[in-house]
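**Q** Supplied in C-alpha cells, the structure appears directly below.
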Amino acid sequence: MIFDIEFETMPREALESIQLRRLQATLERAYATVPFYRKQFEKAGLKPGDIRSLKDLHQVPFTTKQDLRDNYPFGMFAVPMDNVVRIHASSGTTGQPTVVGYTARDVNTWATLMARSLSAGGATRGDIIHNAYGYGLFTGGLGVHYGAEKLGASVIPVSGGNTKRQIVIMRDFGPTILTATPSYALHLAEVAEEMGVSFRDLKFKYGIFGAEPWSEKMRDEIERKLGLVAVDIYGLSEVIGPGVAIECHEAKKGLHIFEDHFIPEIIDPATGDVLPYGQTGELVFTSVTKEAFPVIRYRTRDISALHAEPCICGRTLVRMDKVSGRTDDMLIIRGVNVFPSQIESVLMEMEGVSPHYQLVVDREGNLDTLTVRVEVDEHVFSDEVKRLQDLERRISKNIKEYLGVSAKVKLVEPKAIARSEGKAIRVIDNRKL
Amino acid sequence: MWVKQISVFLENKSGRIAEVTKTLSEAGVNIRALAMADTADFGVLRLIVDNTLKAEEALKANGFTVGKTDVVAAEVEDRPGGLHRILTLLHEGHINVEYMYAFVQQSGDNAVMIFRFDQIEKAVALLRQNGVTVIDDDRINQL
Ligand SMILES: [Zn+2]
C-alpha cells in the first residue's frame, strides 16, 4: 500500500518544481542561520539566490562528516534550541560522534517518512510491529516507533537485546512485522531454534531491515530462516535517520528515495563530479524540508547508483541500489574507480562462486594491473581443468563488463587469502605511488 | 560398475603434491593411481585410492578442496593398437573422453586405463557390448 499517494506517485515535473522551491528555501535559511554554510557559500562565491535550477545545486560545496564533527555539538543547528524538541547522535566509533536535532515539525516529517517506509515494506494499520531496533541516541528504534504510530499499526517497543524474552513475546503476541538490523534478525532465528520455537509457526509476514549493509545472499537466508519477505531500509542520522529510502516489497529491487524531502546525487568520490543515472559512486543528499538540521550536499561515503526506471509498485521516486560498500575502500585503477564490493557483486551473481576474494593491484612500468584472487570451494571445483579455466574467463569477462576494468583472475586454494580476525583481507595495493 | 575418483585443487606451488601424498599416507590411505593436469597457475590432481571416504575426510580436514567423480576403469589389451581400438569405438559411438590416464597395476596380462567420460552409462554399455572388460570399485582394489 502507498501511504502518501500524492507525493509518492507524483509526475516528475511536478516533483522537481516542489524540490526546487523547497531547496531554495532551505539554502536561504541555512545561509542566514548556520555560519558554516554561509562560509561555504562565500568560499564558492555564491549567494543562495544564484541557485535558480536543480542543476545549479552542483555548484554548492559539499558537506562532509568532518564538517559536522568540527561543529560539535550544536554548531550546525539552524534553529534556536527553544525550537529543538529531540536530539540524536551517531555512534562515534572513530572520533567524535555527530549530533543532530529535530524541531516538532521535523519529528512529524520523519514519522511520515517512516510510515511511508513501513507501508512500502508491507505494513498496514492492522499489523503488529515487533521493533527490535535499539531505542536511544541511535535513530533506529524511535524512528520506526513514531512511523508505526503514524501509520496506525500497533508497535511493540522491544528494542535490542534480551533475545530470549523477545522470542517469547513473538510467540505470545503474534507480531506480523519485524524491524531489526539484518544481523540481529539472523540472531533471533538462531536463538528461536535453540529454544525450540520455529519461525514458521510465528505470524511474521514482512521484515524491514537496515542500519548496516547486507547482501542479496543474506536476504535469501533471512527469508528462508524467518519465513517472511525481507526489504531493505536506508537512512542515516545526519540526513534524518531511517526513512530516507525504502525498498517496496513488490519489486525488492532498489530503494525508493523520498525525493520530495531529499535530493540525491551520485558523485565520483575522487573528483566530486556528478555522475548520471546508472553509474556507481558516492551517495550525496541535500535535505529540503528539515528545519533544525538541514544538510546541504552531504557526502554519505556510501556506494550506490540511482535508477529512474518506473517501478511496478507505482511509485515515481528514483531508486538507489542497495548500498554495497564505503568510499573509504575505493581503488583507482587506470583511472577507473573500483570498489571491492562491486567485485563481490559480480562474484555473487555468478552462481556458486565463493565470496572469498582479494584484489591485488600492481604497477608494471606505468601501467596498473589488477589481479582478482578467488578461492576455489567445492561448489565451483571441477575435476576438469577446462571448466576451471572457463570459470576464470567468465569472471574476468563479467568484471570487464560491469566495472570497465580488465582484471586477471587467479583461482587459489581455500584459505589462501589471508584473514585478519576472521575477516578476509580484501585489497593488497602494491603500487608505490 | 564404475570407480570413484578423487580430485584435488592445487595451486602451482612446489611441494603441494607432496602435501597431498603426506596427508593420505598419514591417514593410512593407499594411492592406486595418480595423474596431474595443470595450467600455468593451478592444477587438478586426480587420484584413485583404496579408501575414498577416508581420503576425502583427511584431505578436507587439511583444508584441500576435494571433488569426487565417477570414472571408468577398463582393461586394454597389452599389445600395439589395444588402446586405439577402444578410442575408435568411443569415437564412433559419439562419446567424448574428457581425459584418461594409466592405472599402475595390470589386470592379468592386460593394462588398465582410467577414463573420464561425458556420458558414463552410455560409454560403459558400449565398451561391454564390444567385449571390453570394465572393472568395478571392488575389483580394482584387489588388483
Ligand atoms: Zn517500487
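**Q** Which members of the range A:91-130 meet the condition of being assigned to a loop (DSSP other than H, G, I, E, B) and out of contact with any helix residue (DSSP H, G or I) (no Cβ under 8 Å at 6 or more places or on another chain)?
**A** Correct list: A:S91, A:G92, A:T93, A:T94, A:P97, A:G121, A:G122, A:G126, A:D127.
**Q** Can you tell which of A:E401, A:E364, A:E378 is within 11 Å of another protein chain (Cβ to nearest Cβ) and surrounded by fewer than 16 Cβ atoms within 10 Å (Cβ to Cβ)?
**A** Exactly one residue qualifies, and that residue is A:E378.
**Q** Given (1) surrounded by fewer than 21 Cβ atoms within 10 Å (Cβ to Cβ); (2) touching a Ser or Thr at 6+ places or on another chain (Cβ under 9 Å), where does A:L370 come up short, assuming only one miss?
**A** (1)
**Q** Let me ask something else. Among A:G243, A:G272, which is more than 16 Å from the ligand (Cβ to nearest atom) and either at pLDDT 95 or above or of a type in the set (A, V, I, L, M) (or both)?
**A** Answer to the check: A:G272.
**Q** When the range B:104-126 is examined, which residues are found to be farther than 10 Å from B:E75 by Cα and surrounded by 18 or more Cβ atoms within 10 Å (Cβ to Cβ)?
**A** Within the range B:104-126, B:F115, B:R116, B:F117, B:A123, B:V124, B:L126 qualify.
**Q** If I go through the range A:297-314 residue by residue, how many of them are within 12 Å of the ligand (Cβ to nearest atom) and either more than 15 Å from A:T280 (Cβ to Cβ) or out of contact with any Phe, Trp or Tyr (no Cβ under 7 Å at 6 or more places or on another chain) (or both)?
**A** Summing the residues that are within 12 Å of the ligand (Cβ to nearest atom) and either more than 15 Å from A:T280 (Cβ to Cβ) or out of contact with any Phe, Trp or Tyr (no Cβ under 7 Å at 6 or more places or on another chain) (or both) in the range A:297-314 gives 6.
**Q** Still on this structure: Do we find that A:D328 is of a type in the set (D, E) and closer than 22 Å to A:D429 by Cβ in this structure?
**A** Yes.
**Q** Here's a follow-up. Check whether at least one residue in the range B:63-78 is more than 14 Å from every other protein chain (Cβ to nearest Cβ), free of Cβ contacts under 8 Å to residues at least 40 places away in the same chain and at positive phi, and report yes or no.
**A** no
**Q** Further, regarding this structure: Among the strands (runs of 3 or more DSSP E) contained in the range B:1-53, which hold 1 or more residues that are at pLDDT 95 or above?
**A** Those strands (runs of 3 or more DSSP E) span B:3-11, B:42-49.
**Q** From the list A:T64, A:T124, A:T139, A:T98, which one is on the phi < 0 side of the Ramachandran plot, surrounded by fewer than 20 Cβ atoms within 10 Å (Cβ to Cβ), within 22 Å of the chain's Cα centre (by Cα) and touching a residue at least 60 places away in the same chain (Cβ under 8 Å)?
**A** After ruling out the rest, the residue left standing is A:T64.
**Q** Taking the conditions exactly as written (on the phi > 0 side of the Ramachandran plot, within 16 Å of the ligand (Cβ to nearest atom) and surrounded by fewer than 20 Cβ atoms within 10 Å (Cβ to Cβ)), does A:G278 satisfy them or not?
**A** no
**Q** Counting only residues that are under 24 Å from B:L59 (Cα atoms) and surrounded by 13 or more Cβ atoms within 10 Å (Cβ to Cβ), which one in the range A:345-357 is nearest to the other protein chains (Cβ to nearest Cβ)?
**A** A:S354
**Q** Report, by residue number, each residue of the range A:315-340 that is more than 16 Å from the ligand (Cβ to nearest atom) and either hydrophobic (A, V, I, L, M, F, W, C) or within 14 Å of chain B (Cβ to nearest Cβ) (or both).
**A** A:V323, A:M330, A:L331, A:I332, A:I333, A:V336, A:V338, A:F339, listed by residue number.
Table: residues versus (1) within 14 Å of chain A (Cβ to nearest Cβ); (2) in contact with a Cys (Cβ under 8 Å, 6 or more places away or on another chain); (3) surrounded by 19 or more Cβ atoms within 10 Å (Cβ to Cβ).
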| site | (1), (2), (3) |
| --- | --- |
| B:E19 | yes, no, no |
| B:S25 | no, no, no |
| B:V29 | no, no, yes |
| B:M36 | yes, no, no |
| B:I48 | yes, no, yes |
| B:T52 | yes, no, no |
| B:L59 | yes, no, yes |
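The values are calculated or read from the model by the stated rules, or taken from the named source; none is laboratory data. Every value quoted in this text rests on a predicted model; they were computed, and no experiment measured them. Backbone-built Cβ (ideal geometry, glycine too); neighbour counts: all protein chains shown.
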